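Peer 1: Quick one: the structure is below, and I'll ask about it shortly.
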Amino acid sequence: MPPNWDVYTWLSERDPAVLSAFIARYVNVAAPGDTRLEAFVRTYVAGTPDDGDLEALSDLGIDDSGQFTLYVRGLEHPWVMIAIAEGRAAVLGLSIDDPDQSEAGYAAAEELMHRLRAEYASPAGLAGIELPPPWTRRAWLGAPAQLRVGAPD
């Protein structure tokens, strides 16, 4: 797998309608690459989790804070990242293949970061090479990003 730019936007509130729109627009729901997408949608979009959904999603986190990232296949991007962050926040992300870490890749990441911020009325965006999504405001502010605009509120 070539190096990817990972481009993120911060959502201060996890609005189910916004999550649904992001999934519909960017996720390959027919072949997501992770069956936990269904559990995610039932839990965070529909608000009607089945027995076992929360446990299945908890496997995605590194501790019992309730914060995690779901990585699924995209329609136009190799990967789509949806992170449940601290409080009621979420982080939405898309990856861009850029094996040469080129100027064109940098420009594409910058354009995508601004587009995602505008599309989801986000206060902050960041992008970097192979950058995991930050789950907290503190981690966001300290992330080793090559591109950054705004700050999470």
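The values are calculated or read from the model by the stated rules, or taken from the named source; none is laboratory data. Source: prediction; values computed, not measured. Every residue, glycine as well, gets a Cβ built from its backbone with ideal geometry; the counts of neighbours run over all protein chains shown. All accessible areas refer to the heavy atoms of the entire protein, side chains included, with ligands and DNA or RNA removed. Shrake-Rupley method; radii C 1.70, N 1.55, O 1.52, S 1.80 Å.
Peer 1: State the number of residues belonging to segment 115-136 that are among the aliphatic types (A, V, I, L, M), farther than 10 Å from residue 8 by Cα and open to solvent by less than 50 Å² (accessible area, probe 1.4 Å). Walk me through how you get there before you give the answer.
Peer 2: Filtering segment 115-136 for residues among the aliphatic types (A, V, I, L, M) gives 116, 118, 121, 124, 126-127, 129, 131.
Adding the requirement that they be farther than 10 Å from residue 8 by Cα leaves 118, 121, 129.
Still in the list and also open to solvent by less than 50 Å² (accessible area, probe 1.4 Å): 129.
Selection size over segment 115-136: 1.
Peer 1: Okay, next question. Just to be sure I understand, how many residues within segment 102-136 are in contact with a strand residue (DSSP E or B) (Cβ under 9 Å, 6 or more places away or on another chain), touching a residue at least 24 places away in the same chain (Cβ under 8 Å) and not in a helix (DSSP H, G or I)?
Peer 2: 15
Peer 1: Only one residue in 48, 43 is modelled with pLDDT of 95 or more, polar (S, T, N, Q), over 27 Å from residue 147 (Cβ atoms) and part of a helix (DSSP H, G or I), so which one is that?
Peer 2: 43
Peer 1: Looking at this structure, is residue 139 among the hydrophobic types (A, V, I, L, M, F, W, C), surrounded by fewer than 18 Cβ atoms within 10 Å (Cβ to Cβ), out of contact with any helix residue (DSSP H, G or I) (no Cβ under 6 Å at 6 or more places or on another chain) and in a loop (DSSP other than H, G, I, E, B)?
Peer 2: Here the answer is no, as residue 139 does not meet what is asked.
Peer 1: Is it the case, given these coordinates, that residue 93 is crowded, with 18+ Cβ neighbours inside 10 Å and either modelled with pLDDT of 95 or more or aliphatic (A, V, I, L, M) (or both)?
Peer 2: Yes; evaluated as a whole, the condition is true for this residue.
Peer 1: Okay, moving on. Here is a list of conditions, (1) over 14 Å from residue 4 (Cα atoms); (2) surrounded by 18 or more Cβ atoms within 10 Å (Cβ to Cβ), and residue 112 meets all of them except one; can you say which number that is?
Peer 2: So residue 112 meets the others, but not (1).
Peer 1: Here is a list: 37, 19, 70, 11. Which entry is touching a residue at least 12 places away in the same chain (Cβ under 8 Å) and more than 22 Å from residue 140 (Cα to Cα)? Talk me through it step by step, then tell me what you get.
Peer 2: Numbers: 19 fails: more than 22 Å from residue 140 (Cα to Cα); 70 fails: more than 22 Å from residue 140 (Cα to Cα); 11 fails: more than 22 Å from residue 140 (Cα to Cα).
Of the residues listed, the single one that is touching a residue at least 12 places away in the same chain (Cβ under 8 Å) and more than 22 Å from residue 140 (Cα to Cα) is 37.
Peer 1: While we're on this one: Just one of 95, 65 is in contact (Cβ under 8 Å) with a residue 24 or more places away in the chain and touching a His at 6+ places or on another chain (Cβ under 6 Å); which is it?
Peer 2: 95
Peer 1: I've got another one for you. Read through the list (1) within 19 Å of residue 135 (Cβ to Cβ); (2) open to solvent by 50 Å² or more (accessible area, probe 1.4 Å); (3) within 14 Å of the chain's Cα centre (by Cα), then give the number of the only condition that residue 73 fails.
Peer 2: (1)
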